[in-house]
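Just so it is clear, none of the values below were taken in a lab; they were calculated from the coordinates. Only a predicted model underlies this, so the values are computations on that prediction, with no experimental measurement involved. Here Cβ is always computed from backbone atoms with ideal geometry, including for glycine, and neighbour counts include all displayed protein chains.
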Amino acid sequence: MQRVLDKWYSPSLNKEMEIVTYGYYGFPLLMFPTAAADYLEYERFYVIDVIKDFIEAGKVKVFSINSINRESWLNRQLPTPHKALRQVQYNHYIADEVVPYIWNSCRGRQGIITTGASLGAFHSANQLFRRPDLFAGVIAMSGAFDIRGYYDGDYYDDNVYFNNPVDYLPNLPEGGYELNALRHKQHIHIVTGQGNYENPAASRRLSDILHTKGIPHELDLWGYDMPHDWTTWRAMLPHYLSAKF
């Protein structure tokens with residue numbers, strides 16, 4: 001399996017950011033780390049190992065990037081306006097730097113599927129819902145999709161609103177580009193376990209919003225024996241790559 005490490009200085013984030021690519025061919029899968037982890041997290045926890053056959057067969061080409069969660073939502077010392085602004089800068093990094101990098105690696109503009117577990121599920125879903133022109137679908141595993149759960153207080157501004165799917169999705173206007181584009185997506189998979197430390201209510205809430213807006217999707221609730229942990233995500237991702245793509 002080809003494994004390529006790369007990095008560049010990001011003008012959007014004003015720091016060096018790493019990326020790893022696995023494989024030669026296949027549709028592009030962009031992975032967002034959990035919590036405050038880095039671009040090699042899915043490799044360390046053997047997720048890359050369990051999808052290795054799909055990578056080597058040329059079904060999927062995987063890209064994994066760093067998070068900036070320690071500089072935003074998980075930084076308790078940072079005021080909320082600064083957390084939200086850092087998220088906006090991360091959005092620019094994804095759209096203006098990572099997406100062109102993936103297209104260049106794939107030798108053409110292709111539909112990118114996003115994925116991630118836990119806080120990575122939030123990022124993967126948020127990127128798709130905000131920019132359906134850039135992303136083709138999502139596999140969001142064990143996520144929470146209300147960003148207000150990641151900061152204290154009542155502060156609210158446009159940077160929070162436009163990164164909080166449970167707020168902006170219900171208000172997507174009929175006839176608007178974003179809603180029309182999302183209604184044509186074939187791969188919106190919201191999946192969660194129901195075991196220890198999972199929050200299936202968060203996935204149900206997102207599903208209810210998508211249903212109300214007429215956005216096709218799959219809500220998949222796994223069993224009560226599936227905890228909020230790597231054993232669950234190592235089962236979920238290869239299942240979806242096999243059964244849905």
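So for each of 104-117, 1-14 I average, over its residues, the number of other beta carbons within 10 Å; can you give me the resulting order with the highest mean first? Numbers along the way, then the final one.
Numbers: 104-117: 19.1, 1-14: 12.5.
Ranked by mean Cβ neighbours within 10 Å, highest first: 104-117, 1-14.
Grab the DSSP H runs of the chain that are 4 residues or longer, score each as -39,500 (n - 2.57), total them, divide by all residues and round the 222 nm result to the nearest 500 deg cm²/dmol.
On the way: 11 runs with 87 residues, N = 245.
That calculation yields -9500 deg cm²/dmol at 222 nm.
If packing is taken as the average count of other Cβ atoms within 10 Å, what order do 227-237, 74-84 fall into, highest mean first? List each step's numbers first, then the result.
Working: 227-237: 19.1, 74-84: 15.4.
Per-residue Cβ counts within 10 Å, averaged per peptide and sorted highest first, yield 227-237, 74-84.
(1) 28; (2) 24; (3) 17: which one is percent of Cα pairs over 31 Å apart as calculated from this entry?
Given (1) 28; (2) 24; (3) 17, the calculated one carries the label (3).
Choose one of G143, A125, F54: the residue whose Cα lies farthest towards the positive end of the charge dipole of the range 3-243 (beta-carbon charges +1 Lys, Arg; -1 Asp, Glu; about the Cα centre).
Farthest towards the positive pole: F54.
Y161 to H239: FRET efficiency via 1/(1 + (r/R0)^6), r the Cβ-Cβ distance, R0 51 Å, to the nearest 0.05?
Numbers: r = 34 Å, r/R0 = 0.67.
In this case the efficiency is close to 0.90.
Which value, in debye to the nearest 20, gives the size of the charge dipole of the range 5-110 about its Cα centre, when Lys and Arg are +1 and Asp and Glu are -1 at the Cβ?
Numbers: 12 positive and 12 negative charges, 57 e Å.
The dipole magnitude comes to about 280 debye.
Set the Förster distance to 25 Å, then compute FRET efficiency between K7 and Q77 from the Cβ-Cβ distance, nearest 0.05.
Values: r = 27 Å, r/R0 = 1.08.
So the FRET efficiency works out to roughly 0.40.
Among rounded, prolate and oblate, which fits the range 33-87 when a ≥ b ≥ c are the square roots of the eigenvalues of its C-alpha gyration tensor, a/c under 1.5 means rounded, and a/b larger than b/c means prolate? Before the final figure, lay out each step's value.
Working: a/c = 5.59, a/b = 2.87, b/c = 1.95.
It is prolate, given that a/c is not under 1.5 and a/b is the larger ratio.
Between K52 and Y197, what is 0.36 nm times their sequence separation minus the Cα-Cα distance? Round to one decimal in nm.
Numbers: separation 145, 0.36 × 145 = 52.20 nm, distance 2.79 nm.
Result: 49.4 nm gained on full extension.
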